[in-house]
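In what follows, a structure is listed as structure tokens, so that the remarks can point back to it.
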Amino acid sequence: WHVLEVFAASCGGWLGGIPVSVGVMRANCTLSMVSSAKAAVPTVSDQAAAMQLSQCAKNLATSLAELRTASQKAHEACGPMEIDSALNTVQTLKNELQDAKMAAVESQLKPLPGETLEKCAQDLGSTSKAVGSSMAQLLTCAAQGNEHYTGVAARETAQALKTLAQAARGVAASTTDPTAAHAMLDSARDVMEGSAMLIQEAKQALIAPGDAERQQRLAQVAKAVSHSLNNCVNCLPGQKDVDVALKSIGESSKKLLVDSLPPSTKPFQEAQSELNQAAADLNQSAGEVVHATRGQSGELAAASGKFSDDFDEFLDAGIEMAGQAQTKEDQIQVIGNLKNISMASSKLLLAAKSLSVDPGAPNAKNLLAAAARAVTESINQLITLCTQQAPGQKECDNALRELETVKGMLDNPNEPVSDLSYFDCIESVMENSKVLGESMAGISQNAKTGDLPAFGECVGIASKALCGLTEAAAQAAYLVGISDPNSQAGHQGLVDPIQFARANQAIQMACQNLVDPGSSPSQVLSAATIVAKHTSALCNACRIASSKTANPVAKRHFVQSAKEVANSTANLVKTIKALDGDFSEDNRSKCRIATAPLIEAVENLTAFASNPEFVSIPAQISSEGSQAQEPILVSAKTMLESSSYLIRTARSLAINPKDPPTWSVLAGHSHTVSDSIKSLITSIRDKAPGQRECDYSIDGINRCIRDIEQASLAAVSQSLATRDDISVEALQEQLTSVVQEIGHLIDPIATAARGEAAQLGHKVTQLASYFEPLILAAVGVASKILDHQQQMTVLDQTKTLAESALQMLYAAKEGGGNPKAQHTHDAITEAAQLMKEAVDDIMVTLNEAASEVGLVGGMVDAIAEAMSKLDEGTPPEPKGTFVDYQTTVVKYSKAIAVTAQEMMTKSVTNPEELGGLASQMTSDYGHLAFQGQMAAATAEPEEIGFQIRTRVQDLGHGCIFLVQKAGALQVCPTDSYTKRELIECARAVTEKVSLVLSALQAGNKGTQACITAATAVSGIIADLDTTIMFATAGTLNAENSETFADHRENILKTAKALVEDTKLLVSGAASTPDKLAQAAQSSAATITQLAEVVKLGAASLGSDDPETQVVLINAIKDVAKALSDLISATKGAASKPADDPSMYQLKGAAKVMVTNVTSLLKTVKAVEDEATRGTRALEATIECIKQELTVFQSKDVPEKTSSPEESIRMTKGITMATAKAVAAGNSCRQEDVIATANLSRKAVSDMLTACKQASFHPDVSDEVRTRALRFGTECTLGYLDLLEHVLVILQKPTPELKQQLAAFSKRVAGAVTELIQAAEAMKGTEWVDPEDPTVVAETELLGAAASIEAAAKKLEQLKPRAKPKQADETLDFEEQILEAAKSIAAATSALVKSASAAQRELVAQGKVGSIPANAADDGQWSQGLISAARMVAAATSSLCEAANASVQGHASEEKLISSAKQVAASTAQLLVACKVKADQDSEAMRRLQAAGNAVKRASDNLVRAAQKAAFGKADDDDVVVKTKFVGGIAQIIAAQEEMLKKERELEEARKKLAQIRQQQYKFLPTELREDEG
């Protein structure tokens, strides 16, 4: 593709369309292929095949991303040439058709392999619609002057014309009629010629988009092409015959236009009989036309010819009947009905023609069925009007005709019949069955009593109910069919073409009724209501479509079409109102004129909406789905059949009610109808979509939960078998893949459960299919993990995910996709949220584990997925402005840049930390991609949005390369080549971040400058915090002998400059982006300068007076914070109207800024005045606390949360500050006041921050949060009152005022107490006192367990030392040591955990208080347990070191034996410490005893192995005795000397051990001493 891109860019016009078309076509096809492949990977049982499929999907996704980038660059290089390329293509097609015509003339035209007449005819029919649709888009794009989309539409038109030309050639080559072949090729060539002119005109229209003359010429050429296209379609076999039939109907209908009809020459009965017979024939012919559309083209030709003949006969019979009419009004009514039949017949033939041309067209089958019903209904209306049979007879005939027509609905329901949901179908069946039951009882009753008018009415009601039942049954059967998991579910498009087609038909019918002279006022009103209802629905659909599409041309066209439909509807409604007031011919004529623009607007909109880009993909029903439909269809067919028999029987009974056998037959039919309806209701209820699948899925997930529980038990007992057939990396990848796929299904299942029953079965089956692979992968991963805690975490989180999925399925089953079951929707939402949390938890664990070992496949996939979402055509509805998204994009972009820099550093120093940084980058890019998509959607003009999207995608590519290099470097940390590559990738990422920022700046330069300035100011604030720390420590000194006076003027001058910048900043919000950018940059520069001069001034005060230094720096820090808030407010208010709420925030921020600058100036002036500087500092602190309180009371949620313990810890600062404030109030010394001011500022700020962060923790309830925030405010207000009272005392110190300090401090203390209680409530029942000895004990026990596990892990990595090559029976001693040491480590780990459980049990039983009553006693017991646990951990650690030294040859077996014995001894002490208070029969104590025994056994084994080795060594060590005498004597003396030395060392070692034991005994708890005694 890269080669293609370069080649295309260099070749110019003739290749103009290739890269983009390649990119677009491949993108659309392969995106779904990639997602399907990824979804299939977890379900493939063959490991090799699964890995290969996964890798191929990744490669395809990567290639697709590269192709997309390349096609975009190619488009930039040669995009304008697309129109020329399309024009060349069409000219070539025209020439090819000319060649085909010459071959046909010479009888040399032959069909290509695989071409048949039927196939080519269908291709031509379906392609003709695609050509029409792409041409409509071409016209719209050219009219809007959008060059890019005009090129796209021209290319699509050329592609569609290519298929059309090929199909036309195939039809001509396959037909046996030379004339038809020539006509087809000529008409196709005309289409090509007209299309070439259209593309040429579109190209000209782009040059002058507003030129009305060119627009008009474009429209004329488009009409000519449309006409040529229709001619081309009409050349298809069978189409001409349908046209002839249509023409014949039109000619026959002219008989109805005469002013006066000739009087009838036949008797009434004969005329009536002929009309009935003609009606039956015409109705039968209509059914044959519907049937013929499913067969060969010849069948339709014959059926349409017969229908035309029957219509002619029927029309003659109708005119004869009209001649029988007694009055002019009756005659007009009959003629009006005949006109309706004529129109309905024409529509039937048109619908049949359309379906035969394109059988796959959406809703074509339904439109044909509706047209056939319209013919039947219009015939029934005429028969009702004209015949004078015995009452009830014509109603029965009408009913039989209606039932015959609707029977076709049940033949093969593979399309939606109506908009009813499954539950609506059930309701409809229930209602109609009730109506049918009542009307059948009425038919029987009225036939008996001879009340024939009532009998006829009941027959009519029964007929309508049966039609309703049939429609509901057909729709329910369709929904059952597509809900079968084996069926292929359809996909919702941008618009529903069925809705548009139905609306179009309904509006046309209603307009026809409006202008019909025979329409009554009620019919006019009904028609107006229908028009209003459907035009409103169309406008709403257009609004939704325009908001969803990313195509700007389509967006504008939908909006424009909605306006046209709305305006023409409004004009029509005006004429209808006038007509309703006066039914004159003039008003009717005005109404007729007003309908034309509406019909044209709706037809144009329907044509545009039929574009393949917008339409839905219909569902494909599987054979299993068809079998599931059978019970419903059989019941419905039986119902219709028996109902027809019942109506025929009732018809004869109405004439002769005294016929007992006929009554018996009627009862039989009535019983059959009743049974079939019961069967229908049962079938529909039993086949409720998704219920069976939910049950299967629930059973499957329950089995999986049992499997994971078994694995957890095995892991606890440390008997989980390791999977050796696959690597841990492959298992982790499998687990990640399956968890991701489960996560993707959560929202679709929730949506289906709430209101899409047909999708429920598909989604839950898909979900359940992932749980077996999930359990296999999770258990496999756990079996490979050495750390027991991590092992249990993976298994527990997997079980949690399975349990949350089970809860989700139960909720989904109860909801069932019923939108009216509102009571289940909350449970579905809650279950979905829990499941998402479970997925997030396990993904965090997996990512951490993967990043530790350099596995970055999941991260790369996550970045690639985020990149692909950038191209989605339908971003979510923006909830903010461009500025909001710009701010967050900048934040995440800079975070990525910082991470990239850190990765460069860590690649050299700590490569093992790269995994965590790569994970952080992946997370940040995910947020950046979403925010970037929203920023692009809200950016103006569109080019800026396109640029932002492209650059964010480029950054994604850079992040992928960097993450991959990080993974590679973790695997091989010393590879210098990979390090260099990583550094290059990190630099590339930093560059791409700067490109993203520059694209954002192009979106709004002013706000981008504000974001940059805000970042600079936040840096200054952090720097000032550091300076305060230096000042507090007394290390902030001047570099030379400057005094504060040297800096005062400079500070005042810079502060005034900052005030001027502030004014410019505020006014900049309402001015141009350039001015705003200038003001933001200037203010950032000035605050930087001001901070520097104030720091110099503070340093010049000298480190002898740190409190005054802090006062001064705090003053500038307040200014910097206020400026930061002001910049943020300015950015939010940029380009907003004066009455926007953000303008009020801006004014508030400006006031705070002025206040803080004024405060700084006052502080600067008072800083050298020892008499007032304390007072000044206190005033500044009070103002600062008020501002902090305002921030605390705002509704902004803090960025991070903290623990309640943190909040409690911060209240201690308030208590200290309160004491200081009271002391300062009593002493009135300025030094005390300054210290109080500084301390108060920090204490209150820290308390408010911690309180708000703790309150907004996700686990804190709303009630507790409100309470904590209230007492946080109360505490601050009380403290402010205290400070203000101190200020009053400073100005006028009196004993009375000083006495009041106690009351103020009590108020603060009370609020602090309430705040602590609120913090305790945040923790709920789990809240503990961190100082509680029992809590300390448990913490230490858990720490000891962790220490032991770490030691065990260290043992796992040990390898036996190299041995001399000699035959030796103790060859496996090192292995024995390691295995024994490992088992001791595992056993002690279990022991300490058991002790921890025992500790909790004792607390629960009350034997040890969580806050002990007798602190000394319980505390001493806890200390005993702690020291014992520490001893176990220390001994195990020593054992591991001894084992390590022993296998490496650095230590003796004696040291190993000693360490093992020490483990056994410390274990015994731990058991004694716990036994003192524990219940001997308790579960925890039994577990503790078992764990202790395991430690003892393991220790004994190790001691035995080591002793055996030591004794064996002693036996085997041969002493070499020297044979010479002197040497021998020397050898003896040396041996004796060594023996005496060893005996002395042994004695010393025994004394040392005794002393150690005596010292330890002093610190043992009393219980242990007594026990030992």
Provide the gained length on full extension for the span Gln1193 to Gln1089, in nm with one decimal, where the gain is 0.36 nm per separating residue minus the Cα-Cα distance.
34.2 nm
Does anyone have the angle between helix 297-323 and the longest principal axis of the chain? Alpha-carbon axes, 0 to 90°, nearest 10?
60 degrees
Can you give the Rg to Rh ratio of the stretch 121-212, both from alpha-carbon atoms, with Rh computed by the Kirkwood formula?
1.08
Sort Met321, Met1216 by heavy-atom solvent-accessible area, probe 1.4 angstrom, most to least.
Met1216, Met321
quick shape note, the stretch 151-300: Cα extents on principal axes in Å, largest first -> 72, 41, 25
The ³J(HN,Hα) series, computed from each phi in the stretch 626-636 with the Karplus coefficients 6.51, -1.76 and 1.60 at θ = phi - 60°, rounded to the nearest Hz and given as x for glycine or proline, is 5, 5, 5, 6, 3, x, 5, 5, 4, 4, 5
In nm², what is the average projected area of the convex hull enclosing the Cα atoms of the stretch 891-1010?
6.8 nm²
Among the Cα-Cα pairs of the stretch 830-966, the proportion with separation greater than 26 Å, in percent, is 29 percent
With charges only on Cβ, +1 for K and R and -1 for D and E, what is the dipole size of the stretch 370-491 about its Cα centre, in debye, rounded to 20?
340 debye
Please state the charge dipole magnitude for the chain, taken about the Cα centre, from unit charges on C-beta atoms (+1 on K and R, -1 on D and E), reported in debye and rounded to the nearest 20.
1740 debye
Can you list, bin by bin at 5 Å, the percent of alpha carbon pairs in the stretch 1106-1169, starting at 0?
4, 20, 22, 16, 13, 10, 8, 5, 3, 1
For Lys1542, list the lysines whose Cα falls under 18 Å from its own Cα; do not include residues on the same chain fewer than 8 positions away.
Lys1455, Lys1551, Lys1552
When the accessible area of the stretch 1182-1320 is split by element with a 1.4 Å probe, what percent falls to carbon and sulfur?
55 percent
Using 29 Å as the Cα-Cα cut-off, could you pick out the over-long pairs in Lys353/Lys407; Lys347/Lys533; Lys339/Lys448?
Lys339/Lys448
When the Cα centres of the stretch 1046-1121 and the stretch 128-182 are compared, how far apart do they sit, in Å?
68 Å
Over the stretch 283-354, one equal point on each Cα, no solvent: what is log10 I(q)/I(0) by the Debye formula at q = 0.26 Å⁻¹?
-1.09
From the Cα gyration tensor of the stretch 661-737, with a ≥ b ≥ c the square roots of its eigenvalues, which class applies: rounded if a/c is under 1.5, or else prolate if a/b is larger than b/c, or else oblate?
prolate
So how much accessible area does His534 have, in Å² to the nearest 10, using a 1.4 Å probe?
40 Å²
Heavy-atom accessible area per residue, the chain, 1.4 Å probe: how many Å²?
47 Å²
In this structure, among Lys965/Lys992; Lys1095/Lys1298; Lys434/Lys658; Lys1136/Lys1242; Lys365/Lys577; Lys38/Lys687, pairs with alpha-carbon gaps over 25 Å are Lys1095/Lys1298; Lys434/Lys658; Lys1136/Lys1242; Lys365/Lys577; Lys38/Lys687
Rounded to the nearest percent, how much of the accessible area of the stretch 386-482 (1.4 Å probe, protein heavy atoms only) is carbon and sulfur?
52 percent
Check: the stretch 521-623 dipole with +1 on Lys, Arg Cβ and -1 on Asp, Glu Cβ, in debye:
360 debye
Rounded percent of accessible protein surface that carbon and sulfur make up, the stretch 191-240, 1.4 Å probe:
53 percent
Angle between the chain longest axis and helix 364-386 axis [Cα atoms, degrees, rounded to 10]:
40 degrees
For a quick size check, give me the Cα extents of the stretch 467-578 along its three principal axes, largest first, whole Å.
56, 44, 14
Where Rh is the Kirkwood radius over Cα pairs, Rg/Rh for the stretch 381-437
1.10
Taking a temperature of 4 °C and a viscosity of 1.567 mPa s, what whole-number D in µm²/s does Stokes-Einstein yield for the stretch 29-164 with Rh from Kirkwood over alpha carbon pairs?
69 µm²/s
Heads up, the stretch 324-481 by the C-alpha gyration tensor (a ≥ b ≥ c square roots of eigenvalues; a/c under 1.5 rounded, else a/b over b/c prolate, else oblate) looks oblate
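When the solvent-accessible surface of protein heavy atoms is calculated with a 1.4 angstrom probe, in what order do Asp1118, Asp699, Asp1105 fall, highest first? Can you show the working numbers first?
On the way: Asp1118 15, Asp699 85, Asp1105 40 Å².
These residues rank, largest area first, as Asp699, Asp1105, Asp1118.
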If the stretch 269-392 were replaced by its equivalent ellipsoid, with semi-axes equal to the square roots of 5 times the Cα gyration tensor eigenvalues, what would those be, largest first, whole Å?
30, 14, 11
Whose amide H sits under 5 Å from the amide H of Thr1043, counting only residues 5 or more places off or on another chain, with H placed in the peptide plane?
none
Between the residues Ala447, Leu720, Cys1440, the Cα farthest towards the positive end of the dipole of the chain, that dipole coming from +1 and -1 charges on the beta-carbon of Lys, Arg, Asp and Glu, is from Cys1440
Alpha carbon centroid spacing (whole Å) that separates the stretch 78-127 from the stretch 627-642
47 Å
With everything on Cα atoms, drop me the angle between helix 1230-1255 and the longest principal axis of the chain, reported from 0 to 90° to the nearest 10.
40 degrees
How big is the C-alpha Rg of the stretch 1259-1316 next to the rule-of-thumb value 2.2 N^0.38 Å, as a ratio?
1.41
Rounded accessible area of Phe1256 (nearest 10 Å², 1.4 Å probe)
50 Å²
The stretch 507-581 to the stretch 1208-1265: how many Å between their Cα centroids?
67 Å
The relative contact order of the chain, taking Cα pairs under 8 Å that sit 6 or more residues apart, comes to a percentage of 5 percent
Virtual paramagnetic centre 7 Å along Cα→Cβ of Ser727, amide N under 19 Å, in the stretch 751-790
777-778, 780-786
In terms of solvent-accessible area of protein heavy atoms at a 1.4 angstrom probe, what is the ranking of Tyr1144, Tyr885, highest value first?
Tyr1144, Tyr885
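What does the net charge come to around Ser1071 if you take all other residues with beta carbon closer than 13 Å to its beta carbon, with K and R at +1 and D and E at -1?
Combined, the nearby Lys, Arg, Asp and Glu give +3.
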Solvent accessible area, Å² - Cys56, 1.4 Å probe, full protein context:
70 Å²
To the nearest µm²/s, what D does Stokes-Einstein give for the stretch 163-207 at 20 °C and 1.002 mPa s, using the Kirkwood radius over alpha carbon pairs as Rh?
184 µm²/s
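The values are calculated or read from the model by the stated rules, or taken from the named source; none is laboratory data. This one's a predicted model, so the numbers in the text were calculated from it and none came from an experiment. Reconstructed Cβ throughout: ideal geometry from the backbone, glycine too, with neighbour counts over all protein chains shown. Please note that ligands, DNA and RNA were not included when accessible areas were found on the heavy atoms of the full protein model with its side chains. Shrake-Rupley method; radii C 1.70, N 1.55, O 1.52, S 1.80 Å.
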